[in-house]
1. I need the helices (runs of 4 or more DSSP H) fully contained in region 19-130, keeping only those with at least 3 residues that are in contact with a helix residue (DSSP H, G or I) (Cβ under 6 Å, 6 or more places away or on another chain).
2. Only one of 92, 38 is more than 10 Å from the chain's Cα centre (by Cα), closer than 20 Å to residue 17 by Cβ and loosely packed, with under 15 Cβ neighbours inside 10 Å. Can you tell me which?
3. Going through region 45-69 one residue at a time, which ones are under 18 Å from residue 7 (Cα atoms) and without any contact (Cβ under 8 Å) to a residue 60 or more places away in the chain?
4. Would you confirm, using the coordinates I've provided, whether residue 31 is loosely packed, with under 13 Cβ neighbours inside 10 Å and touching a residue at least 60 places away in the same chain (Cβ under 8 Å)?
């Protein structure tokens, strides 16, 4: 799983930087015209933040003292990965298309991100000194 989290985090980081650059340059006129620049920026920001969180999960999963928390770290990683794809992906699709109904899907990704943070906190508790 270590490789999955490190590679996934790095790919999401790459996509976040690429999407941010593309939004600031190639899509600027479209996003401004549609009034969706803020949604695009939020999608990019959350993608990058959670790319870092996934990398953290990968690094923590590689620690010997994390053995007792592997299940929680795995749950955190999957929640961050799927949550980021849903939250940032659907928000970016909304920004590009203007299809408002997509906004109803975005909170599902947000809930998954919250679950990821809760699992990561629980993993930290389990791994901490007693």
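1. Numbers: elements: 28-34, 37-61, 70-97, 106-127.
Passing ranges, in order: 37-61, 70-97, 106-127.
2. Details: 92 fails: loosely packed, with under 15 Cβ neighbours inside 10 Å.
Every option except 38 fails the conditions.
3. The answer is 47, 48, 49, 51, 52, 54, 55, 58, 59.
4. Details: loosely packed, with under 13 Cβ neighbours inside 10 Å: no; touching a residue at least 60 places away in the same chain (Cβ under 8 Å): yes.
No.
Computed from the coordinates by the stated procedures, all read-outs in this text should not be read as laboratory data. In this text the structure is predicted, and so the values were computed from the model without any measurement. In this analysis, Cβ positions are derived from the backbone assuming ideal geometry, glycine residues included, and neighbour counts consider all displayed protein chains.
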